Amino acid sequence: MLTTILKRLLGAIPNLIGVVVVTFLLTRALPGDPAAFFAGGAGTAEAVEEIRKKLGLDKSLPEQFIVYVRDLARGDWGMSHATGQPVLTELTTRLPASLELTLAALLLAVIIAIPLGILAATRPGSWVDHLCRGIATAGVSLPTFFTGLLLAYIFYFLLGWAPAPLGRLDPYLSAPPLVTGFYLIDSLIARDFPVFVGALKQLILPTITLALFVLAPLARMTRASMLGVLSADFIRTARASGLAPRTVLFSYAFRNALLPVMTTLGMVFSFLLGSNVLVEKVFAWPGIGSFAIEALVASDYAPVQGFVLSMALLYVLLNLSIDIAYGFVDPRMKIEN
Amino acid sequence: MKSRTLLCAASLVLACAPALAQDKKQETLIVANETGPNMLDIQGVGANRPAYGVAWLAYDRLMTYGKKKLANGVQSYDFAKLEPELAESWQIAKDGMSVTFKLRKNATFHDGTPVTAKDVKWSYDRALAMGGFPTFQMKAGSLEKPEQFEAVDDGTFKVTFLRKDKMTMPDMAVPVASIYNSALALKNATKEDPWAATWLKNNTGGGGAYKVASYKPGQEIIYERFDDWKSGPLPKIKRVIQREVPSAGNRRALLAKGDIDMTYEMPPKDFAEMSQEKGNVKVSSVPAENSMIYVGMNVTKPPFDNAKVRQAVAYVLPYDKIMASALYGRGAPLFGGKKPVSGTDWPTPTPYATDLAKAKALMKEAGMEAGFETTLSFDLGQGTVSEPMAILVQEALAQLNIKVAINKVPGANWRAALLKKDIPMMINRFGGWLNYPEYFFLWTYHGQNAVFNTMSYQNPAVDKLIDAARFEADKKKYAQDVKGFIDIAYTDVPRIPVVQPMVDVAMQKNVEGYTYWFHLQPDYRQIFKK
């Protein structure tokens, strides 16, 4: 098992090298001029040249690339000029914010989508099935920023049930000491319950917004996959053998239907992490998506490269863990030694 | 005190908590805005606008500006009056070629080190050495060489003038001329980084009224009052929490619900509506000094190299419609004024107003009746106002057979696009810090062709008048020079001024003491809650 994981990780190295080269070239191909952007207020032509030199952008492309790779090898991901911070610091402070939100949303979506999908599959054409279809269609067709704004308007502005959309914590509370970067976990470690409750409250609306969006593919996939499995021969055999409906449904059908659902889950997760910019903007969530977008707008090369690279790393790890999880769900899928 | 403690102890904790929270709320100000500072050092490369605000609060200058009440009741700084900040007093030499500052004896930086003239000298030298914006801002006041700055003794600082420039003294009161704690900065400097640029990005080494208690770029900055501040009356607000909330709609909701105390940088429509609503919110508005939204035309290339064509465009713009549907009336009109210009007030309305017949006649004179095709560009970052404005301009120009394609340029590319100077027609805005017309013209009309002379307009007659006005001591002659260059600029119309935009800040009704500053950043030192 361990050697397999190691082998997989080694196998990912060429991909990562490709990512490094391609992002480097792509960022350089962006039309903006970072030197002109950062020259700011009184940017005369000389000031822009001065700044170009300071940013090291007066060097040739291959030279810039060598500098970039050398720094990367030393663990230096470069500086974000827009925020003035090292990219690595930015990523490590912002990634947990995004991860916490994404994981919470996924959890909520799974809790709703899988039972919904199973119910819809066992009673095709019933009201549950229609409800499932309705939710799925609505979830996919409503853009997240719209759902987000709508939820904030109703539950915060009109009803006053939800807390102010001011980011991860109420301004009067201070963040728990950093351990994992997840406020829910860190506040529990610090035994700071008001902060835990505060962080949880702030999470609710953005989590629902994101969960609504990912509910659709998960519920549809569960339903389709369950329908397929339920009409398979071995289920008919199981039923004919007089096994309890519950056993048939969960031990045999659901376990077999889970594989495509897990694949979808993996895809949705990676997709969510990078693309929940709009939700982050609406709820002032200091996540990684808005950071990447702002860096792109400013043609700030280092953070864009850092973002893509960290996403690539995350994908590699995610794919690996999903492959490993397959093995537990279905022994036939166990990765070979 | 004792009885209160007893009372607290006697009653349940729950009953006391709200009272304490009330105190805390009274002394805390929560502000939400679109973007926060990208670094804490205004002299750093690429410092953004909100970073000016950090410099203003966490650092002191030698001098600051006086205050005045504007006609609409809003408090504003007074650019004509300099007042002591770190310097207790100053004396201009008899020959008018130098100034000597006496520093406050008891002033310290946040870490307790006394402020000396050496720190001032180091800070000014740094502003010149950092390059880019701080250096250019210093130069705008003829502060160009380190030899000009001299620490005579610990409490005396002398600046020698290169020439008699009326902007020299005011330039020492702008945020760039902040005084840094040189000993602290030098401790964190390295051989490659002698001015501690890296360290000062994330740390402050100042002695201003507020300390930066916490700074999370892209999220929030928290200020705490510096209780030993000596350079002015102690601020009433103890703690300021400034969060970044990108969605303007949410900021409006937060304000209406009372969850934040203050916000700015909203679309004009929101400000227009909020100032009408009867609620707990008030809006404070001042036309931004020395600034305008304009339509610029590149005079180096046909068809806009022809002044008649430019005048025709100036006569066909739908000014009233732009005011109503792009700006929601938030601004002072810069059209339909008298001809020739009456005084040295700036910005002042142009003589142009919408007049289709005149515009058509001018196009005919220019031999351009058949019209032409062109592109109108604007910065997408200013899209809330510029986009509806561009559509209105497009519609209006069609009446002169001018076919306009609209080109939206993303924020990052805008500056680069301006530097290339090849945009035929654009909607843009410009504001100058130092409130002098010749300062505005130096950046935007002068033949030195700075980046903000977006039209590449070059006219020796205008240059001569601008240069003369800069160093003119005689008031009458000065007024003549100013009127002179405004008149030429308005007859040649390389840029068509449209509106002087409004600086709006929305706040809770109990927030008092807001002051308008030329750098447009909020100054929490004067703010208090009723």
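Screening residue B:467 with (1) at pLDDT 90 or above; (2) part of a helix (DSSP H, G or I) gives one miss only, at (1). Taking (1) under 29 Å from residue B:510 (Cβ atoms); (2) modelled with pLDDT of 90 or more; (3) more than 14 Å from chain A (Cβ to nearest Cβ); (4) surrounded by fewer than 21 Cβ atoms within 10 Å (Cβ to Cβ) in turn, residue B:355 satisfies each apart from (1). Selection of the range A:44-68 for residues being more than 14 Å from chain B (Cβ to nearest Cβ) and among the polar types (S, T, N, Q) yields A:60, A:64. What tally of residues in the range B:268-287 results from selecting those that are in a loop (DSSP other than H, G, I, E, B) and not charged (D, E, K, R)? Going through the range B:268-287 one residue at a time, the tally reaches 2. Being crowded, with 20+ Cβ neighbours inside 10 Å and assigned to a strand (DSSP E or B) holds for only one residue in B:455, B:507, and it is B:507.
Return yes when residue B:223 is more than 11 Å from chain A (Cβ to nearest Cβ) and either hydroxyl-bearing (Ser, Thr, Tyr) or part of a loop (DSSP other than H, G, I, E, B) (or both) and no when it is not. So residue B:223 passes the test. Contact map, the range B:121-137: first residue under 14 Å from residue B:172 (Cβ atoms) and within 8 Å of chain A (Cβ to nearest Cβ), second residue of a type outside the set (Lys, Arg) and assigned to a helix (DSSP H, G or I), Cβ cut-off under 6 Å, separation 6 or more or different chains; pairs are B:137/B:176.
Remark: pairs (first residue in the range B:370-391, more than 20 Å from residue B:415 (Cα to Cα); second residue of a type in the set (Lys, Arg); Cβ separation under 7 Å; 6+ apart in sequence or on different chains) = B:371/B:403; B:373/B:403.
Filtered by the rule that a residue be more than 7 Å from chain B (Cβ to nearest Cβ), hydrophobic (A, V, I, L, M, F, W, C) and under 23 Å from residue A:183 (Cβ atoms), the range A:149-167 gives A:151, A:155, A:161, A:162. The set of residues in the range B:227-251 that are surrounded by fewer than 22 Cβ atoms within 10 Å (Cβ to Cβ), at the interface with another protein chain (Cβ under 10 Å from one of its Cβ atoms) and part of a helix (DSSP H, G or I) contains only B:249. So the check is Cβ under 6 Å with 6+ separation or different chains; which pairs have a first residue in the range B:472-497 that's of a type in the set (A, V, I, L, M) and a second one that's buried (at least 18 other Cβ atoms within 10 Å of the Cβ) and part of a loop (DSSP other than H, G, I, E, B)? So the pair list comes out as B:479/B:344; B:482/B:344; B:486/B:341; B:489/B:445. When the residues of the range B:413-423 are filtered to those that are in a loop (DSSP other than H, G, I, E, B) and surrounded by fewer than 21 Cβ atoms within 10 Å (Cβ to Cβ), the one that is farthest from the chain's Cα centre (by Cα) is B:422. Considering the range B:310-360, and only residues there that are in contact with a Gly (Cβ under 8 Å, 6 or more places away or on another chain) and of a type outside the set (S, T, N, Q), the residue that is farthest from residue B:492 (Cα to Cα) turns out to be B:323. Being modelled with pLDDT under 80, within 14 Å of another protein chain (Cβ to nearest Cβ) and surrounded by 16 or more Cβ atoms within 10 Å (Cβ to Cβ) holds for only one residue in A:279, A:304, A:297, and it is A:297. Filter the range A:39-49 down to residues that are buried (at least 20 other Cβ atoms within 10 Å of the Cβ) and modelled with pLDDT of 70 or more, then give me how many there are. Residues flagged as buried (at least 20 other Cβ atoms within 10 Å of the Cβ) and modelled with pLDDT of 70 or more within the range A:39-49 amount to 2.
Just a yes or no: is a residue in the range A:69-76 more than 14 Å from every other protein chain (Cβ to nearest Cβ), small (Gly, Ala, Ser) and in a helix (DSSP H, G or I)? There is at least one residue in the range A:69-76 that is more than 14 Å from every other protein chain (Cβ to nearest Cβ), small (Gly, Ala, Ser) and in a helix (DSSP H, G or I). Criterion first (more than 30 Å from residue B:507 (Cβ to Cβ), surrounded by fewer than 18 Cβ atoms within 10 Å (Cβ to Cβ) and at pLDDT 90 or above) does residue B:362 satisfy it? The answer is no for residue B:362.
Would it be correct to say that residue B:388 is away from chain A (no Cβ under 14 Å), part of a loop (DSSP other than H, G, I, E, B) and in contact with a helix residue (DSSP H, G or I) (Cβ under 7 Å, 6 or more places away or on another chain)? Against the criterion (away from chain A (no Cβ under 14 Å), part of a loop (DSSP other than H, G, I, E, B) and in contact with a helix residue (DSSP H, G or I) (Cβ under 7 Å, 6 or more places away or on another chain)), residue B:388 does not qualify.
Restricting the search to helices (runs of 4 or more DSSP H) fully inside the range A:252-318 and requiring at least 2 residues that are more than 28 Å from residue A:83 (Cα to Cα) gives A:255-275.
Taking the stated definitions as given, is residue B:61 surrounded by 17 or more Cβ atoms within 10 Å (Cβ to Cβ), touching an Asp or Glu at 6+ places or on another chain (Cβ under 8 Å) and closer than 19 Å to residue B:169 by Cα? Answer is yes for this residue.
The number of residues in the range B:391-412 that are buried (at least 20 other Cβ atoms within 10 Å of the Cβ), within 14 Å of another protein chain (Cβ to nearest Cβ) and part of a helix (DSSP H, G or I) comes to 1.
Residue A:25 falls short on exactly one of the conditions (1) buried (at least 20 other Cβ atoms within 10 Å of the Cβ); (2) modelled with pLDDT of 80 or more, and that condition is (1).
Under the condition of being within 25 Å of the chain's Cα centre (by Cα) and closer than 23 Å to residue B:46 by Cα, the residues counted in the range B:127-167 number 18.
The values are calculated or read from the model by the stated rules, or taken from the named source; none is laboratory data. What you are looking at is a predicted structure, and each value in this text was computed from that prediction instead of being measured. Don't worry about glycine lacking a Cβ; one is built from the backbone with ideal geometry, like all the others, and counts go over all protein chains shown.
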